[in-house]
């Protein structure tokens, strides 16, 4: 994992990434900015276009580590931009979009064109926009929309400085963890991912629990289906197995750990892929150790996750809610036994949970509710 620092949409971002991770996956999966779309992933279609240091760039062929120190703007950053507002209105008026998949990259490229060549004729507009492909519109509406904006703004092409000032940049991090009663695992949408929060109590001193979380091998042994194959400092490699009825998925990947001893808080950043289904999972697990008494500690957990690929069908809120609740309960029980035994840890990793059983209970509950209504 390589540490990187950049500015994304006006905010300072610090993260650990794989050297091979491209910028599109970084902004979509790490930062949950899913307005940037992935099409060909070969730098041809233009769907992934973003601004890199003020110039349009293909985020699917730009590595995140290459953008060290750069300023990146995605489509989400143009909500208050006057020029972009004019283009959005023109695209709608001239029927320059249908399915909308290419539109974010198309708008960013069009905005750059209007700024650089405010008096371009139709032929030049077509040439400049030829790097952004659209399977729906036939391009006529796109050309008309861009030309109409140029005409409305005049040959002088007003400088697009009419943007609402931004607040001072802040470092990217998961939202603060609230200390609150456990049992509330209701999923909430956060950007392009989902957040679930929960907590549990163990009858051990807070200092002991905090120290236990420093031993990632012991922590993984308490987590159902998790295994660590390699650890170097705060970087880990391993896998987590989940059973979907007769199917089994094993997400192999890497994780990094950050800990704040003064606040007794930590974050585990992880990502992995199931080789069989090619599904990808990415998530951040933030935890806080809250002292409630000399022998009582509450562990508050916040999980931000996204699941892509064939197994994403199992990421419905109700299913994940029950699944995570079961996993947290199993982890709490294993951790409590581990601490009671003096921190020796279980003899073997905890068995993975069966998602299929959760699915079956969820389906039965759904139809029972429908039948009683």
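Might you let me know whether the range 61-80 holds any residue that is free of Cβ contacts under 8 Å to residues at least 60 places away in the same chain and over 18 Å from residue 104 (Cα atoms)? Yes, there is a match, as at least one residue in the range 61-80 is free of Cβ contacts under 8 Å to residues at least 60 places away in the same chain and over 18 Å from residue 104 (Cα atoms). Farther than 22 Å from residue 330 by Cβ, out of contact with any helix residue (DSSP H, G or I) (no Cβ under 9 Å at 6 or more places or on another chain) and not assigned by TED's automatic domain parsing to the domain that holds residue 31, is that true of residue 261? Judged against the criteria, residue 261 is not a match. Put simply, of 171, 218, 206 the only residue that is within 27 Å of residue 339 (Cα to Cα) and either surrounded by fewer than 20 Cβ atoms within 10 Å (Cβ to Cβ) or at pLDDT below 85 (or both) is 218. For the range 307-350, a residue qualifies if it is closer than 20 Å to residue 228 by Cβ and either assigned to a strand (DSSP E or B) or at pLDDT below 65 (or both), and the qualifying residues are 343, 344, 345, 346, 347, 348, 349, 350.
Rundown of residues vs (1) in contact with a helix residue (DSSP H, G or I) (Cβ under 9 Å, 6 or more places away or on another chain); (2) buried (at least 22 other Cβ atoms within 10 Å of the Cβ); (3) in the same structural domain as residue 230 (by TED's automatic domain parsing); (4) closer than 22 Å to residue 305 by Cβ, yes/no style:
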| position | (1), (2), (3), (4) |
| --- | --- |
| 18 | yes, no, no, yes |
| 35 | yes, no, no, yes |
| 43 | no, no, no, no |
| 52 | yes, no, no, no |
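Taken across the range 111-118, residues that are more than 30 Å from residue 12 (Cβ to Cβ), surrounded by fewer than 20 Cβ atoms within 10 Å (Cβ to Cβ) and not assigned by TED's automatic domain parsing to the domain that holds residue 45 do occur, with at least one present.
Being at pLDDT 90 or above, loosely packed, with under 11 Cβ neighbours inside 10 Å and assigned to a loop (DSSP other than H, G, I, E, B), is that true of even one residue in the range 144-165? Within the range 144-165, not a single residue is at pLDDT 90 or above, loosely packed, with under 11 Cβ neighbours inside 10 Å and assigned to a loop (DSSP other than H, G, I, E, B).
The values are calculated or read from the model by the stated rules, or taken from the named source; none is laboratory data. This one's a predicted model, so the numbers in the text were calculated from it and none came from an experiment. Here the Cβ is made from the backbone with ideal geometry for all residues, glycine too, and neighbour counts use every protein chain on show.
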